[in-house]
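Colleague: One structure is given below, represented as structure tokens, and several questions about it will come after.
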């Protein structure tokens, strides 16, 4: 048992670094995912994840596999798509889902085109699937910094963000923070996706954001509870995914998200709040 | 007579189509005014003009004894996400926003204020209920509790008694009277003429243009109501001109 669960981490530095990276992403991206889910924007996360690709690709073209260049590129592309689709929704008849879909698809195809004209297939695989087992010091520092920044921003903006989700009209009447909150939140989504794509790749980054949040919905009722459960699920799934990937030689990103998917399946079936089994479980006192 | 808010040749609309045209008038400080009129008469639009949510196409809104920051506004169809996991206390307590802002926590004194407001609308015992478990009437009570905490000089209510039971309506009318007794100015959009006659000393009748404004007994006559209906029916423009009931 010890050999299977602990030894890979005890023995190999790259496993410890991968685990640290995953913990950082789980602690930062998952709370953002909880808010995305509560705002019914789960699929927006997916769209934004695709939208950051061309920025990362341009960063790669300019500076090779440089962490800084790809991060800045991803940030710029993600924010540009978020702002442009918001702008189009406001000034034209197109609804937000359609305008976001159009922009992210354009962005994604541009990104694939840029990567494939200059890079090898290996580079494309790196961008799409990430390299959690090869995180170096600077990547770890970046992931941890993004997580710290996210947690500070969420703490400062918690009340306006909750109001922006639950009763946006009221927030607009009592405070000028509505727009600031909305765009800060979008920025948090983008930087966490960028953080996630260094480790898990653009395709999987959104998984660690949304799947644990969706699973947590079956365990907790309050926002704080949802965040705690979601982060715990994300961290456990990361550990399990890394171990499975180590023992069976599987790609680590998908293994982590599949482990989270398993947690989602269990929650969906057995969780105490609104799951399939909830009607037959002994009733908790949720009256108060 | 001092006024809380005044309309000066005020024209409001959507996509440059006026929904309220050249309305002139003053709402006296501390008055309790009902705005009535047919569907599509621009009643809600007028309130949105006062809150600043909608910019005038022409004319302007003057504030006398209060400022735009001293308004509490309850829209007709609030876009509250009732599935969002917050409790009655969470929903009500943000009424103290001007004191606690976006970051600071509730002190004991604030907590007592929140409890008082919840008790004033008859929701004691529901404090830690999630808002998703409340009925429409209970949500409206909670929103009134939040308005109480906002402690505003000018209270704007848009059809606050739609689709709620008679008991809740009577209780909430009690809250409206309390505000009136405290010298606050209250402007309420209503469609039930009997309620207006019984509870609202002042009435403003709107049919895109101002039909009449003054003491309810003088203004809310059959002739004025008929005229308002005719004026709105006479408006045969496209739906966005006249038929937007939920403006």
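The values are calculated or read from the model by the stated rules, or taken from the named source; none is laboratory data. Note that this is a predicted model, so its numbers are computed, not measured. FYI the Cβ positions are ideal-geometry reconstructions off the backbone, even for glycines, and counts take in every protein chain you see.
Colleague: For the range A:171-196, how many residues meet the condition of being crowded, with 22+ Cβ neighbours inside 10 Å and more than 14 Å from every other protein chain (Cβ to nearest Cβ)?
Modeller: Of the residues in that region, 9 qualify.
Colleague: Which of the residues that make up the range B:161-176 are in contact (Cβ under 8 Å) with a residue 40 or more places away in the chain and either within 14 Å of another protein chain (Cβ to nearest Cβ) or closer than 24 Å to residue B:3 by Cα (or both)?
Modeller: B:175, B:176
Colleague: What helices (runs of 4 or more DSSP H) lie completely within the range B:45-157 and have 3 or more residues being more than 10 Å from every other protein chain (Cβ to nearest Cβ)?
Modeller: Ranges flagged: B:88-93, B:108-120, B:136-150.
Colleague: Still on this model: Every residue in the range A:252-283 that is assigned to a loop (DSSP other than H, G, I, E, B) and surrounded by fewer than 15 Cβ atoms within 10 Å (Cβ to Cβ), please.
Modeller: Answer for the range A:252-283, where residues must be assigned to a loop (DSSP other than H, G, I, E, B) and surrounded by fewer than 15 Cβ atoms within 10 Å (Cβ to Cβ): A:274, A:276, A:277, A:281, A:282, A:283.
Colleague: With the requirement that a residue be farther than 27 Å from residue B:100 by Cα and either touching a strand residue (DSSP E or B) at 6+ places or on another chain (Cβ under 9 Å) or touching a residue at least 60 places away in the same chain (Cβ under 8 Å) (or both), what does the range B:127-160 give you?
Modeller: The one that is farther than 27 Å from residue B:100 by Cα and either touching a strand residue (DSSP E or B) at 6+ places or on another chain (Cβ under 9 Å) or touching a residue at least 60 places away in the same chain (Cβ under 8 Å) (or both): B:159.
Colleague: Of B:212, B:163, B:207, which residue is within 28 Å of residue B:227 (Cβ to Cβ), surrounded by fewer than 21 Cβ atoms within 10 Å (Cβ to Cβ) and either over 13 Å from the mean Cα position of the chain (by Cα) or not assigned by TED's automatic domain parsing to the domain that holds residue B:92 (or both)?
Modeller: B:212
Colleague: Here is a further query. Output the helices (runs of 4 or more DSSP H) that fall wholly within the range A:66-170 and possess 2 or more residues being modelled with pLDDT of 85 or more and either away from chain B (no Cβ under 14 Å) or within 30 Å of residue A:235 (Cα to Cα) (or both), or say none.
Modeller: Here the list reads A:67-91, A:96-118, A:137-166.
Colleague: (1) surrounded by fewer than 17 Cβ atoms within 10 Å (Cβ to Cβ); (2) over 24 Å from residue A:165 (Cα atoms); (3) modelled with pLDDT of 90 or more: which one isn't true of residue A:222, the others all being true?
Modeller: (2)
Colleague: Here's another thing I want to ask about it. Please state which one of B:155, B:94 is within 14 Å of the chain's Cα centre (by Cα) and either within 28 Å of residue B:4 (Cβ to Cβ) or at pLDDT 90 or above (or both).
Modeller: On inspection, the qualifying residue turns out to be B:155.
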